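Okay, handing you the structure first.
The values are calculated or read from the model by the stated rules, or taken from the named source; none is laboratory data. Note that the structure is a prediction, hence the values are computed from the model and not measured. Here Cβ is always computed from backbone atoms with ideal geometry, including for glycine, and neighbour counts include all displayed protein chains.
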Amino acid sequence: MTAASEFLAQHPDYAGTGMLDELRARDYGRLDAQEHAYLDYTGGGLHADSQLREHVDLLASHVYGNPHSANPSSMATTDAVERSRAAVLEYFNGTGEYTAIFTLNASGALKLVGEAYPFVPGGRLLMSADNHNSVNGIREFARKKGADIDYVPLTTPELRLDLPALNTLLAKADPSRDNLFVFPAQSNFSGVKHPLSLIDTAHAHGWQVFLDAAAFVPTNRLDLRAVSPDFASISFYKMFGYPTGVGCLLIRNSVLATLKRPWFAGGTVNFATVQGRLHVLAPREAGFEDGTLNYLSIPAVEIGLRHLQRIGIDVIQTRVRCLTDWLIRELLALHHGNGRPMVRIYGPTSTTMRGGTVTMNFYDPNGHLLDYRRIDELAGLERISLRTGCFCNPGAGEIAEGLTEEDMRAGMALGTDITLPRFLEIMLDRGGKSAGAIRVSLGLVSNVADVERFLRFAASLRDQTALTIGAAPYDIASCRVIRDGS
């Protein structure tokens, strides 16, 4: 029995996702034509050919102009943008209860709330330790306004939230102050899905909740009627590949007025005066969408959402779950000739409450870490696209690798010269710890062949050492840009 046929026998649900193979052949044919195994869906989704055609047809058949006017081209643009806004709210079941604000990306959505949130002394900011750096950055706004800042620790080895510690931290809130709890629905490092029931738990303790849903919504349903975060951030290119440069902040209408913007810009005011040095902020989403929206790209969001709806998010989730289970099982079964394991997986080794993001490192027969940068280069030679680095999620990486505060301070001692590659060198000198990893992530049109390609590549490292796979030539400056991605 071949590996593929064995997989199909172990995962009978996979047969019900066959439409995705037809879709891949019809709409993503460039993958197989170029013999490309794309395994970086958490970094960015892939667009369908049909999305591009529909968007080009839309642009070719209308005259769209800057929306900040009442002329015919402006009104046409406003109509197109508002259709996409309505489509977003309908897709996430938030119509009537939420406001959708278009941003450049999920990071822009997080920054909007961070800078406008009414942090005060005695108020609190609580974050999970596995948040993306765009969430970690909110602490600078909270710190400046005098709020207390805490992190929820993670358990090892599964990198799940420490729920007893979380409950203790939630109980610290003064309900008379504004308190914000921020966590990812799915970790972009470990693939862990945190319980969305935590939203209600936090509300009961007097917290508002910001849900970072960027890594979650490409393969999972987010129903804002079933779970009601006060804020949620979305990146559309992670969901369906195109367009880039458009994200979304979803805000519950009941909390919208609590945000106080520290500045205003073109398009965000109903009135502004230079001589009077006053301004009147526009209501609802208009007060948060700075400058001119990416108005030619936003209509493609509605097209992308229709694309996902035609497929069905449950079909995508089933396929990703089956392939992830197989990938993890086969990686854990890899051993060197002397019996030592080849791979260490960070996070859950089952598909219970986890998504299709699998982060790992490879080790040689003596248990020594193989440089993830060299693994990246070797995978690239096989036309396998994966991602390496810290994935802009330092907390999860620090906990996964057992890095200490002293390790962090050793890196920070370099000052502005510190980069991830330089830090990795320091950690290797401090006992062989890793400061980065390899991430494989599955998505919309992943298939058996993609996983097989990576498993064959992984197996080729059996009995290899750092010497036999070759040193990883890299330039520190370019490595910082190319490899330390999100």
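Tally up the residues in segment 453-475 that are at pLDDT 95 or above and in contact with an Asp or Glu (Cβ under 6 Å, 6 or more places away or on another chain), please.
Going through segment 453-475 one residue at a time, the tally reaches 2.
Where residues in segment 433-470 are of a type in the set (S, T, N, Q) and under 30 Å from Met408 (Cβ atoms), which of them is surrounded by the most Cβ atoms within 10 Å (Cβ to Cβ)? Working first, answer last.
Initial filter on segment 433-470 (of a type in the set (S, T, N, Q)): 434, 441, 446-447, 460, 464-465, 468.
From what's left, under 30 Å from Met408 (Cβ atoms): 434, 441, 465.
Values: Ser434: 23, Ser441: 27, Thr465: 14.
For segment 433-470, the residue satisfying everything is Ser441.
How many residues are of a type in the set (Ser, Thr, Tyr) and more than 22 Å from Glu405 (Cα to Cα) when one looks only at segment 147-186?
First pass over segment 147-186, keeping only residues of a type in the set (Ser, Thr, Tyr): 151, 155-156, 168, 176.
From the residues that got through so far, the ones that are more than 22 Å from Glu405 (Cα to Cα) too are 168, 176.
Counting residues in segment 147-186 that are of a type in the set (Ser, Thr, Tyr) and more than 22 Å from Glu405 (Cα to Cα) gives 2.
So is Thr351 touching a Cys at 6+ places or on another chain (Cβ under 9 Å) and in contact (Cβ under 8 Å) with a residue 24 or more places away in the chain or not? Write out each step before concluding.
On the way: touching a Cys at 6+ places or on another chain (Cβ under 9 Å): yes; in contact (Cβ under 8 Å) with a residue 24 or more places away in the chain: yes.
Yes, satisfied.
For segment 198-317, give me every one of the helices (runs of 4 or more DSSP H) that falls completely inside it and has 1 or more residues that are free of Cβ contacts under 8 Å to residues at least 60 places away in the same chain.
On the way: elements: 198-204, 236-240, 253-256, 299-311.
Once the helices (runs of 4 or more DSSP H) in segment 198-317 are filtered for at least 1 residues that are free of Cβ contacts under 8 Å to residues at least 60 places away in the same chain, what remains is 198-204, 253-256, 299-311.
Suppose the filter is under 22 Å from the mean Cα position of the chain (by Cα) and under 17 Å from Ile438 (Cα atoms); does Arg387 pass it?
yes
Can you work out which of the residues in segment 393-422 that are assigned to a loop (DSSP other than H, G, I, E, B) and of a type in the set (Gly, Ala, Ser) is modelled with the lowest pLDDT?
The qualifying residue modelled with the lowest pLDDT is Ala413.
Quick one: which residue in Ser134, Ser197, Ser176 is under 28 Å from Gly247 (Cα atoms), at pLDDT below 95 and of a type in the set (S, T, N, Q)?
The unique qualifying residue is Ser134.
Which residues, taken from segment 33-56, are touching a residue at least 40 places away in the same chain (Cβ under 8 Å), in contact with a helix residue (DSSP H, G or I) (Cβ under 8 Å, 6 or more places away or on another chain) and part of a helix (DSSP H, G or I)?
Scanning segment 33-56 gives Ser50, Gln51, Glu54, His55.
When you scan segment 154-192, how many residues do you find that are part of a loop (DSSP other than H, G, I, E, B) and surrounded by 16 or more Cβ atoms within 10 Å (Cβ to Cβ)?
Of the residues in segment 154-192, 13 are part of a loop (DSSP other than H, G, I, E, B) and surrounded by 16 or more Cβ atoms within 10 Å (Cβ to Cβ).
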